[in-house]
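*Asks:* Below you'll find the structure I mean.
What follows draws every value from the coordinates through simple rules; no lab data is involved. A quick note: this is a predicted structure, and the numbers were derived from the prediction, not measured. No Cβ is skipped: glycine too gets one built from the backbone with ideal geometry, and neighbour counts run over all protein chains shown.
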Amino acid sequence: MPAVDRPRRSALYMPASNARAIEKAKNLLADMLIFDLEDAVVPDAKIAARGAAVAAVNSGDYCQRELLIRVNGLDTSWVEDDLKAVATSNANGVVVPKVSSAEDVAQIDAILTGAGAPADFPVWAMMETPRGILSADAIAQASPRLSGLCIGTADLSKELRCAHPADRAPMLVSLQLVILAARANGLVVLDGEHVELNDTEGFEAACRQGRDLGFDGKTLIHPNQIDGANTAYAPSVGDIEYAHRLIAAHEDAEAKGAGVTTLDGRLVEVLHVAEAKRLLAKAEKIAALSQGVGA
């Protein structure tokens, strides 16, 4: 069975200054919760939000959700204390905005290490600047701590001075460069947020586009987006049925001494079998993750 990462179909940003949102998140079906200290928190609430985020990830109240904290940017006065607080928490990792170079990762690594973070404490780098996109491969290799890359399409479109249409055509090269860097270095990669909350059709199209491009999941800004992302990035019933049939067809061919066979007019080789097994393993992990949540 091929190794499969935990599901990361949906990663919901939650304002850490909003106690009601933090409480509500306990029963949300997002695969990941990102308690936000950056964009969603006004300056006067930053310190209190930091304490609330750490308390949330330490609480044990979120079942099997993957819990991250997004700290403030490296150019702010809050980031060092943010990183120090996260380093000794039970968070599953830290998300750092506007990472633009390998040197930025080294700075993050040094603060975490100095604060006593475990050697394998995960760092997620947000890719939302032109310099960061062009340095994606160097960033992806900059530290063993680096676990994933997250696209920040809202900030990226502003920095590129490009339009941000539903199909994101002006940013496709940037998206693909980040995906390439992630895949070349064995990292998870998450698509950017969809900011038009009333545009359900556009959101679903963006999820399908992100999945087809190769993203592992999508960052979200509202709980109403969870179901759409979870559906788009999960194997469908048809996918699962086909995977079982493909594996069975290959096993039957092998039993007859054939290395390849066909199924529904398509060639079936070992690489297709490996992908089918990966898909089934992912479906099993999704089912296990969903148990006991949302009741």
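*Asks:* Out of everything in segment 192-220 that is within 13 Å of the chain's Cα centre (by Cα) and in a loop (DSSP other than H, G, I, E, B), what residue ends up being farthest from Arg20 (Cα to Cα)?
*Replies:* Residue satisfying both the conditions and the ranking: Gly214.
*Asks:* Can I ask one more? Exactly one condition in (1) under 30 Å from Ile34 (Cβ atoms); (2) touching a Lys or Arg at 6+ places or on another chain (Cβ under 9 Å); (3) not charged (D, E, K, R) is not met by Val237; state its number.
*Replies:* Status for Val237: all satisfied but (2).
*Asks:* Quick check on my filter: what residues within segment 221-240 are surrounded by fewer than 14 Cβ atoms within 10 Å (Cβ to Cβ) and either touching a residue at least 12 places away in the same chain (Cβ under 8 Å) or within 17 Å of the chain's Cα centre (by Cα) (or both)? Spell out the reasoning first.
*Replies:* Initial filter on segment 221-240 (surrounded by fewer than 14 Cβ atoms within 10 Å (Cβ to Cβ)): 222, 224, 227, 236-238.
Once the filter is applied, which keeps residues that are surrounded by fewer than 14 Cβ atoms within 10 Å (Cβ to Cβ) and either touching a residue at least 12 places away in the same chain (Cβ under 8 Å) or within 17 Å of the chain's Cα centre (by Cα) (or both), segment 221-240 yields His222, Asn224, Asp227.
*Asks:* Here is a further query. Tell me which of these Val237 doesn't satisfy, since it passes every other one: (1) closer than 26 Å to Ala288 by Cβ; (2) in contact with a helix residue (DSSP H, G or I) (Cβ under 7 Å, 6 or more places away or on another chain).
*Replies:* All conditions are met except number (2).
*Asks:* Tell me, which residue of segment 151-208 that is of a type in the set (Asp, Glu) and either touching a strand residue (DSSP E or B) at 6+ places or on another chain (Cβ under 6 Å) or over 19 Å from Ala11 (Cα atoms) (or both) is surrounded by the most Cβ atoms within 10 Å (Cβ to Cβ)?
*Replies:* Applying the filter and picking the extreme gives Asp191.
*Asks:* Continuing with the same structure: Out of curiosity, is Ala274 free of Cβ contacts under 8 Å to residues at least 12 places away in the same chain and surrounded by fewer than 16 Cβ atoms within 10 Å (Cβ to Cβ)? Break it down stepwise before answering.
*Replies:* On the way: free of Cβ contacts under 8 Å to residues at least 12 places away in the same chain: no; surrounded by fewer than 16 Cβ atoms within 10 Å (Cβ to Cβ): yes.
Taking the combined requirement at face value, the residue does not satisfy it.
*Asks:* Also, quick follow-up: Among the numbered criteria (1) closer than 22 Å to Arg6 by Cβ; (2) surrounded by fewer than 17 Cβ atoms within 10 Å (Cβ to Cβ); (3) out of contact with any Leu (no Cβ under 7 Å at 6 or more places or on another chain), which one does Met126 miss?
*Replies:* Result: Met126 passes all but (2).
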